[in-house]
Amino acid sequence: MDIFYSPMHTFLLIFSILFYLLMRKQSNNNRSLQGKLPLPPGSMGWPYIGETFQLFSQDPNIFFPSRQERYGEIFKTHLLGCPCVMLASAEAARFVLVSKAQLFKPKYPRSKERLIGPWALFFHQGGYHAIVRKLVQSSLSPESIRRLVPDIDAVASATLRSWDGHMLSTFHAMKEMSFDVGILIIFGEHLSKQRKNEIKRNYFIVDKGYNSFATSIPGTAYSNAIKARKRLGEILSEIMEERREHKTMEKDLLSCFLEWKNDKGERLSDNQISDNIFGVLYAAQDTTASVITWMVKYLHDDPKLLEAVKAEQMSIYKRNGCGSQQLQWAHTRKMPFTQRVISESLRMASIISFTYREAVADVEYKGYLIPKGWKVMPLFRNIHHSSEYFPDPHKFDPSRFKASPKPNTFLPFGNGVHSCPGNELAKIEMLVFIHHLVTKYRFEVVGSHSEVEYSPFPIPKHGLQVRIWSTEQADGIAE
């Protein structure tokens, strides 16, 4: 054992010394900038890997607050091979995402950009970003979603019918449902079943490899994801060609992309459209599925909360022919308590713990230097769980949303020009699903539901295993 570890220890010692000298030189160079401003306090962790292991192995409710308590609202660390500055206040979030947004560009690891596609909306800023965001917003605006509520209702109903009498992972079932809603938004109602299944099969291969170790070794999850992403691009190109050939234009996101042209007659390329379609599909899935999973857990854990939501939804259910008619937009506007439950679930769960930006120049913030090229991460979770903004922050309390939160303190969909354009769609999806769940079904969580896992979003252990019955079946069993 000693013979094996001795060379390793020597290597680590030499590597650590070189890393320390490099960081010290970088620190000294940075101190010469902006009037010799100091770097924020904090630990850079181990050489190269920094604190990456701690970030992805610890409860985010421990990792982030422990460092904020030790260093304050601004601190440095080293994650995924990059030096980072973390900001844990509403004021700081506004500084990065709104007031000085031009100094911080969106930046994601290259391996992730490659899988989603370099032209995707959330990798850009400036003119191109403004064009694509406007197109996406037009397809995801309240006016556009209004006409899709019955279709979303049909998807949610079908999902729950497939659950009836079974035990399954809430998270994975919700990913399937969110995928179907995403397909509806992007392609409308006229995508063939064969096309949809092919897109679905390849999409979930990409999804599986998205957070895996990036390697081109054949057979690995990432390598398989690259191949599946290429095939998705080919499928999307075939669909675009068919629409152009048959001059078939629908009221969906794909048609918005295909029809757009600027004053010079220039159009979006197939690669640009393909990357943005995949980006929207990806963004619409995991986060929504995660939040619904947490909502099911919160409802299960608090019978009084469940009864209050059920009372509101049953009132709508009875007025709507006891489920004989599909939900409409007007029905979703009469769910104020359920809306507050959704907001509190978004705050408590804080699925997106932080967002990535990169400083495009040396920036001063509260007497500290944020060096050019460093990653900057506003910590949404810390803000959402701060007693300064939300009294008794670890208590699930929907009543806190009877009034609007203070500006920049509630950021489940981000803020500024890069905030999520699909937030209204996500909320409608949650409202419709919860309506059907509490009015037509009974459910119970199976096994432990106090543990949390990260995939990479925090979700209850095993995706929250749930057994579900229709109320008709449950009543028959009771008799």
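The values are calculated or read from the model by the stated rules, or taken from the named source; none is laboratory data. All of these numbers come straight from a predicted model, not from anything done at the bench. Note: ideal-geometry Cβ built from the backbone for every residue, glycine included; neighbour counts use all protein chains shown.
Here are a few things to note about the model shown:
- Among residues of the range 59-77, those that are out of contact with any Pro (no Cβ under 9 Å at 6 or more places or on another chain) and surrounded by 16 or more Cβ atoms within 10 Å (Cβ to Cβ), counted: 6
- Condition broken by GLU250, with the remaining ones in (1) under 21 Å from SER139 (Cα atoms); (2) in contact (Cβ under 8 Å) with a residue 60 or more places away in the chain; (3) assigned to a helix (DSSP H, G or I) satisfied: (3)
- All helices (runs of 4 or more DSSP H) inside the range 125-239 with 3 or more residues being hydroxyl-bearing (Ser, Thr, Tyr): 127-140, 149-163
- Members of the range 148-179 found to be more than 19 Å from ALA330 (Cβ to Cβ), buried (at least 19 other Cβ atoms within 10 Å of the Cβ) and charged (D, E, K, R), listed by number: LYS175
- Only listed residue being within 17 Å of the chain's Cα centre (by Cα) and at pLDDT 90 or above, chosen from HIS129, HIS166, HIS172: HIS172
- Yes/no for ALA88 being touching a His at 6+ places or on another chain (Cβ under 6 Å), of a type in the set (A, V, I, L, M), over 16 Å from SER419 (Cα atoms) and crowded, with 19+ Cβ neighbours inside 10 Å: no
- Among residues of the range 374-400, those that are in contact with a Pro (Cβ under 6 Å, 6 or more places away or on another chain) and not hydrophobic (A, V, I, L, M, F, W, C), counted: 3
- Filter result for the condition that a residue is among the aromatic types (Phe, Trp, Tyr) and at pLDDT 90 or above, over PHE257, PHE213: PHE257
Yes or no, residue by residue, for (1) surrounded by 15 or more Cβ atoms within 10 Å (Cβ to Cβ); (2) touching a Lys or Arg at 6+ places or on another chain (Cβ under 9 Å); (3) in the same structural domain as MET177 (by TED's automatic domain parsing):
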position	(1), (2), (3)
HIS436	yes, no, yes
TYR441	yes, no, yes
GLU444	no, yes, yes
SER448	no, yes, yes
GLU451	no, yes, yes
TYR454	yes, no, yes
LYS461	no, no, yes
ARG467	no, no, yes
THR471	no, yes, yes
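- Options SER269, SER274, SER290, SER345; residue that is exposed (fewer than 15 other Cβ atoms within 10 Å of the Cβ), assigned by TED's automatic domain parsing to the domain that holds GLU453 and among the polar types (S, T, N, Q): SER269
- All positions within the range 319-336 that are closer than 18 Å to LEU425 by Cα and surrounded by 14 or more Cβ atoms within 10 Å (Cβ to Cβ): GLN326, LEU327, GLN328, TRP329, HIS331, THR332, MET335
- Meets criteria (of a type in the set (Gly, Ala, Ser) and surrounded by fewer than 22 Cβ atoms within 10 Å (Cβ to Cβ)) for ALA284: no
- Subset of the range 30-59 [over 26 Å from the mean Cα position of the chain (by Cα), at pLDDT 75 or above and polar (S, T, N, Q)]: SER43
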